[in-house]
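The structure appears below as structure tokens.
What follows draws every value from the coordinates through simple rules; no lab data is involved. Keep in mind the model is a prediction, meaning the values are calculated, not measured. Methodologically, a virtual Cβ is constructed for each residue, glycine included, from the backbone with ideal geometry; neighbour enumeration extends over all protein chains shown.
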Amino acid sequence: MPPTPLILIGAPVDSGKRRRGCMMGPDAYRTAGLAEALTGLGHEVTDRGNLSPGALPEARPPREVLHAYAETIAWTGTLAQAAKEAAQAGTPVFLGGDHSLSLGTVAGMAAHAQARGRPLFVLWLDAHTDYHTPMTTGSGNLHGTPLAYVTGLPGFEDFPPLEAPVPAENVCLIGLRSVDPEERAAIEGTEMEAVDMREIDEHGIGKPLRRFLDRVEAADGILHVSLDVDFLDPAIAPAVGTTVPGGATFREAHLVMEMLHDSGRVCSLDLVELNPFLDERGKTASVMVDMTASLFGRRVFDRPTRSHG
Ligand code: MG
Ligand code: MG
């Protein structure tokens with residue numbers, strides 16, 4: 001079981017890209033019954049409401065293309081602090097907000113893990129690698145940069161200094177299917193484990209995840225999960241600005257969540273990129289609530305937990 005209570009933290013971050021709407025995400029999750037679903041599973045749940053970014057720094061963007069640079073820097077500091085504080089009291093669940101919120105949440109969780117003397121592992125469930133830096137992003141959208149920041153790449157000098165960079169070998173990306181050649185080369189030059197949909201089609205989604213969870217277990221690590229709506233196939237989760245066909249199916253995604261629950265290693269979760277403005281009668285918000293419930297113990301069929309030992 002994850003540390004209790006589950007702490008819901010609204011992070012209405014909308015600065016990581018140009019298309020607006022993710023600021024409505026936290027309230028969409030609330031409306032879709034996230035707290036009730038988790039309480040119904042026997043968890044103690046507290047909702048700390050929504051954060052707002054601190055004062056904007058003076059920072060001038062080093063490149064003109066960078067969108068909402070100072071605002072994203074401000075959010076990063078606020079979220080890192082919130083993650084560190086909440087992690088001492090339970091399991092933070094960040095209700096996004098776009099994926100730029102993970103610059104802060106992962107940085108904060110890494111600092112928390114370091115203070116506890118535990119290695120932090122990060123599971124990135126996403127169609128994209130999010131491994132650009134402010135110097136390399138073509139779009140200027142900083143929601144494409146969190147993995148570069150938290151693993152300590154240069155180019156983030158205006159951002160809060162990282163207390164504890166996450167070692168690249170502790171990161172696993174699953175669900176990739178929209179990766180340009182430069183991004184692919186950049187990822188392949190690291191120790192990160194990158195699992196694309198081709199591999200999932202050939203071998204199933206359980207195998208690479210099992211491999212990664214075994215590593216987390218062997219290192220006695222704790223695990224931060226960052227769930228981008230676009231990990232899911234747009235047929236079940238259309239409310240995202242970056243839909244890419246061929247994503248995880250309902251069954252694949254639930255298997256991932258159930259395996260994560262069984263691992264007992266999840267210490268924190270980001271729910272990111274939900275844009276309720278693009279949703280169909282709350283369909284995507286509801287699917288994300290179902291995923292979260294699955295991660296925290298809901299089962300379609302009850303069966304004895306498989307022994308991993
Ligand atoms: Mg993403
Ligand atoms: Mg994505």
Q | Qualifying residue in segment 221-232 (condition: within 16 Å of ligand 1 (Cβ to nearest atom) and of a type in the set (V, I, T)) | A | yes
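Which of the residues belonging to segment 120-154 are small (G, A, S) and either within 14 Å of ligand 2 (Cβ to nearest atom) or not in a loop (DSSP other than H, G, I, E, B) (or both)? Before the answer, list the steps.
Taking segment 120-154 and keeping what is small (G, A, S), we get 127, 138-140, 144, 148, 152.
Those that are small (G, A, S) and either within 14 Å of ligand 2 (Cβ to nearest atom) or not in a loop (DSSP other than H, G, I, E, B) (or both): A127, S139, G144, A148.
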Q. Of L153, L213, L162, which residue is under 30 Å from A70 (Cβ atoms) and either in contact with a Ser or Thr (Cβ under 6 Å, 6 or more places away or on another chain) or not aliphatic (A, V, I, L, M) (or both)?
A. L153
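Conditions (1) crowded, with 16+ Cβ neighbours inside 10 Å; (2) more than 26 Å from H143 (Cβ to Cβ), marked per residue:
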{"position": "D214", "(1), (2)": "no, yes"}
{"position": "A218", "(1), (2)": "no, yes"}
{"position": "H224", "(1), (2)": "yes, no"}
{"position": "A248", "(1), (2)": "yes, no"}
{"position": "M259", "(1), (2)": "yes, yes"}
{"position": "D262", "(1), (2)": "no, yes"}
{"position": "V266", "(1), (2)": "yes, no"}
{"position": "D279", "(1), (2)": "yes, no"}
{"position": "V287", "(1), (2)": "yes, no"}
Q: Give the residue, chosen from A168, A186, A164, A194, that is within 19 Å of the chain's Cα centre (by Cα), within 16 Å of ligand 1 (Cβ to nearest atom) and surrounded by 14 or more Cβ atoms within 10 Å (Cβ to Cβ).
A: A194
Q. Within segment 121-139, how many residues turn out to be over 14 Å from the mean Cα position of the chain (by Cα), more than 15 Å from ligand 1 (Cβ to nearest atom) and surrounded by 19 or more Cβ atoms within 10 Å (Cβ to Cβ)?
A. 1
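Answer yes or no: is there a residue in segment 247-254 that is of a type in the set (F, W, Y) and either in contact with a Cys (Cβ under 9 Å, 6 or more places away or on another chain) or under 22 Å from T145 (Cα atoms) (or both). Don't jump to the end; show me each part of the working.
Filtering segment 247-254 for residues of a type in the set (F, W, Y) gives 250.
Narrowing the set further to residues that are either in contact with a Cys (Cβ under 9 Å, 6 or more places away or on another chain) or under 22 Å from T145 (Cα atoms) (or both) leaves none.
No, segment 247-254 has no match at all.
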Q: Quick one: count up the residues across segment 265-290 that are of a type in the set (D, E, K, R), part of a helix (DSSP H, G or I) and within 29 Å of G221 (Cα to Cα).
A: 1
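So how many residues does segment 194-229 have that are touching a strand residue (DSSP E or B) at 6+ places or on another chain (Cβ under 6 Å) and either β-branched (V, I, T) or more than 26 Å from F94 (Cβ to Cβ) (or both)? Steps first, please.
Restricting attention to segment 194-229, the residues satisfying the condition of being touching a strand residue (DSSP E or B) at 6+ places or on another chain (Cβ under 6 Å) are 194-196, 208, 212, 216, 221-228.
Narrowing the set further to residues that are either β-branched (V, I, T) or more than 26 Å from F94 (Cβ to Cβ) (or both) leaves 195, 216, 222, 225.
The number of residues fulfilling the criteria is 4.
From A89, A83, grab the single residue that is in contact (Cβ under 8 Å) with a residue 12 or more places away in the chain, away from ligand 2 (no atom under 16 Å from the Cβ) and closer than 26 Å to T242 by Cβ. Reasoning before the result, please.
Values: A89 fails: closer than 26 Å to T242 by Cβ.
On inspection, the qualifying residue turns out to be A83.
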